[in-house]
Amino acid sequence: MTRKTPGSGLNRRLSATVAIAVALAMAAVAFLALPGVTYLNQPRTDYGQHLIRHMRFTYSELTGLDVLLRSLDNRKSDAAAMEQVAQMADHLYIRMQVLSGLKTGPISQPDSTLSQHARELMEQLDDLVADGAPINGQALSRLQILSSTLLRQTGDYTRKIEEQIDALVTQQKRQAGNALKQVVISIIVLVFCVSITSALLVYNRSIVRQLKASNGRDNLTGLLNRRGLDERLRRNMVPASVAPQAVLVFDLDRFKVINDQFGHDAGDAMLRAAGQSLSRMFGRNGYVARWGGDEFVCVVEAADADDLQHQLEELISEPPSVRVKGQDMPVRFSCGICMMPTDARTLEEAMSRADAALLEVKRTGRGRHAFYSEAMTERHKVQDRIRSHLGAAIRDGELFLEFQPQFDIARRKMVSAEALLRWQCSRTGRLVPPSEFIPIAEESDLIWAIDTLVLDQACQTASHWLRGPNRLERIAVNLSPHSFQRLDLIHRVASALKVWSIPADCLEVEITEGVLLSDSPQVLANLDALADLGVRIALDDFGTGYSNIAYLARLKPDLLKIDRSFLREADDLRKTRIVEGISQLADTLGAETLIEGVETEADLLFSRNAGCQYAQGFHLARPMSADALTAFLQGTPAEGRPMPAAVR
């Protein structure tokens, strides 16, 4: 006897009900909507709107001609006036030609009074222009009378046509309104039927999911789910002391972006392809499960870590792909691994440490794998301490700014300074690098508090440097990409400029290329608003990301900051071509260039020869406190701080 699956009878009944509901909904919609849709789909009728547009243009030009002709009473010997008449005659001739080409209208009817007057006016205008200055008074008087008559006739004709069009359009709107009512009613009926259908489908799917989950299987991929994996491991797992094992935690790179951009069907296809690929590679020697979302877990026998690493390198270097909207989309993985019993003795501990390794991969760049090490635990402890102390550090004033001068290479003088954030932790005494605490701040709302602190302190301090004989031309600040998502960013920037009396073009906001990759309307709106305010935009670490040239052309940055890594390029020819190429791109965009990481005189000479306008680096000046930079400025001649050896 064949065993029936629980709920199979209910599934069949629900399917029949859904089919009937869909059929009824479609029939009702077709019956109610067909007349209205048919009417609304009819091509729009031109009741004379095209003619009216040309008649209005004609009336406007006739008005100008009439005014000009009347002004000639006092300018009969003026050659310039004759030139104006000739130009007006040319314009009017072109307009009459357009009107004569229409199927309907006064000019297309040769016998109409308006058409005759128009031809007569054009002939007399030609005679008047041909006679030249001085103007014949009688001819001018006839032209003035004829122009006024034609202007009045054109206005009367235009008003008559407008009244006819208004009546026809009103009738059309009334008919369209009735048709639209029919469509709206049909849509309401459709929504009602679809709502019932959707409710039944959701209920049906929830029952199916419950049945599959009770069997320990993921509904989408067919792999084990979390419950199924737990049960299998409890029943069958060999102790790690007997057979070494590895716990691998995977997630899919950029899954959320692809899911949001291409839809849930594309996301589901990626998850299925990922599950099939992992099952083929690891299913023979262990268990593969979908843990939830885009996360997968594999528990496999792993006597040899080198073999496991080889498998992972093959998986990551040759990822599976899915076809999404006509293009092949690679399914790329990031993976964290914990070896048992080397790095963990229990499955729970191994899962936690594999997760830690996966987080390390995400922190340093995706599309890789990493084996757990004790150093990861130590780094996570440090991050936890930073996370717990950062809020208090902001409140207690432990964050402060240093400033690194920036120099104009051609003028050999300091022109600006970049505000650099520092944190002197009072609990540990350690100077915490921004690379450690900024990513943590960006995980919370603390990044906005930090950005506003940087903006206010930089503007307050720079307000003194932007005045006087040795003044700086601008101050540069870095803002997080997260702050560009905020509605109040522009208000905050404008407020800081106003409070400290700083001209907008003296503030330079540095953004990373990651800001440009965002399709957020709010980010783009904030960038446009900063530009409208007059604030300079600098693109930091240019060349290390994936800037879209179209975005660059739209943004029109004022400055491209060339990343220091290009100066460290060993191949001189490659280095020269890259930096010169960026300089040429900046010229095309109407931007300037600043090269970072100038640490030797050779770097400075290369930067000048490659076409860079500005330079920044330890060879020129190290970051310094506000007081030190003030003294630095005060000890310079009025033409600005030069770039001698003393600056280095």
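The values are calculated or read from the model by the stated rules, or taken from the named source; none is laboratory data. Keep in mind that what you see is a predicted model, and the values were worked out from it rather than measured. All Cβ positions, even for glycine, are placed from backbone atoms using ideal geometry, and neighbour counts span all protein chains on display. Areas reflect the complete protein model, heavy atoms only, side chains present, ligands, DNA and RNA absent. Shrake-Rupley method; radii C 1.70, N 1.55, O 1.52, S 1.80 Å.
Structure notes:
- Boolean, LEU539 is surrounded by fewer than 21 Cβ atoms within 10 Å (Cβ to Cβ) and aliphatic (A, V, I, L, M): no
- Test: residue in region 559-566 that is open to solvent by 10 Å² or more (accessible area, probe 1.4 Å) and of a type in the set (A, V, I, L, M): no
- Which listed residue, of LEU125, LEU143, is more than 59 Å from the chain's Cα centre (by Cα) and open to solvent by less than 80 Å² (accessible area, probe 1.4 Å): LEU143
- Given (1) among the acidic types (Asp, Glu); (2) in a helix (DSSP H, G or I); (3) crowded, with 19+ Cβ neighbours inside 10 Å, number of the condition ASP251 does not satisfy: (2)
- Which numbered condition ARG474 misses (of (1) out of contact with any Cys (no Cβ under 7 Å at 6 or more places or on another chain); (2) crowded, with 19+ Cβ neighbours inside 10 Å; (3) at pLDDT 90 or above): (1)
- Within region 295-324, residues that are farther than 21 Å from PRO239 by Cα sit with their Cβ atoms under 9 Å from residues that are of a type in the set (Asp, Glu), at 6+ positions apart or across chains, in these pairs: GLU295/ASP251; PHE296/ASP251; SER321/ASP328; VAL322/ASP328; VAL324/ASP265.
- Only residues that are surrounded by 15 or more Cβ atoms within 10 Å (Cβ to Cβ) and not in a loop (DSSP other than H, G, I, E, B) were counted in region 92-121, giving 11.
- At least 3 residues being under 29 Å from PRO319 (Cα atoms) and open to solvent by less than 20 Å² (accessible area, probe 1.4 Å) is the threshold, and among the helices (runs of 4 or more DSSP H) wholly inside region 344-457 those reaching it are 347-364.
- Of the numbered criteria (1) modelled with pLDDT of 80 or more; (2) farther than 19 Å from CYS298 by Cα; (3) open to solvent by less than 60 Å² (accessible area, probe 1.4 Å); (4) among the polar types (S, T, N, Q), the one ASN225 fails is (2).
- Cβ separations smaller than 7 Å between residues 6+ apart or across chains give the following pairs from region 615-627 residues that are in contact (Cβ under 8 Å) with a residue 24 or more places away in the chain to residues that are open to solvent by 50 Å² or more (accessible area, probe 1.4 Å): GLY617/GLU599; PHE618/GLU599; HIS619/GLU599; HIS619/THR600; HIS619/GLU601; HIS619/ARG648; LEU620/ARG648.
- Scanning region 331-343 for residues that are assigned to a loop (DSSP other than H, G, I, E, B), touching a residue at least 40 places away in the same chain (Cβ under 8 Å) and open to solvent by 10 Å² or more (accessible area, probe 1.4 Å) yields ARG332, PRO341, THR342.
- Residue count, region 574-614 (criterion: among the charged types (D, E, K, R), free of Cβ contacts under 8 Å to residues at least 60 places away in the same chain, open to solvent by 50 Å² or more (accessible area, probe 1.4 Å) and farther than 27 Å from ALA458 by Cα): 5
- Pick from region 290-318, criterion in a loop (DSSP other than H, G, I, E, B) and in contact with an Asp or Glu (Cβ under 9 Å, 6 or more places away or on another chain), ranking: nearest to TYR372 (Cα to Cα): ASP294
- With respect to (1) of a type outside the set (Gly, Ala, Ser); (2) exposed (fewer than 15 other Cβ atoms within 10 Å of the Cβ); (3) touching a helix residue (DSSP H, G or I) at 6+ places or on another chain (Cβ under 8 Å); (4) closer than 29 Å to SER112 by Cβ, the lone exception for THR158 is condition (2).
- Residue match in region 381-393 (condition: touching a Lys or Arg at 6+ places or on another chain (Cβ under 7 Å) and in contact (Cβ under 8 Å) with a residue 24 or more places away in the chain): yes
- The set of residues in region 487-514 that are touching a residue at least 40 places away in the same chain (Cβ under 8 Å) and open to solvent by 70 Å² or more (accessible area, probe 1.4 Å) comprises VAL499, TRP500.
- The residues of region 478-509 that are within 17 Å of the chain's Cα centre (by Cα) and not in a helix (DSSP H, G or I), listed by number, are LEU479, SER480, ARG486, LEU487.
- Breaking point among (1) open to solvent by 20 Å² or more (accessible area, probe 1.4 Å); (2) touching a Pro at 6+ places or on another chain (Cβ under 9 Å); (3) not in a helix (DSSP H, G or I), for VAL322: (1)
- Of the criteria (1) under 18 Å from LEU224 (Cα atoms); (2) at pLDDT 85 or above; (3) not aliphatic (A, V, I, L, M), which one GLN311 fails: (1)
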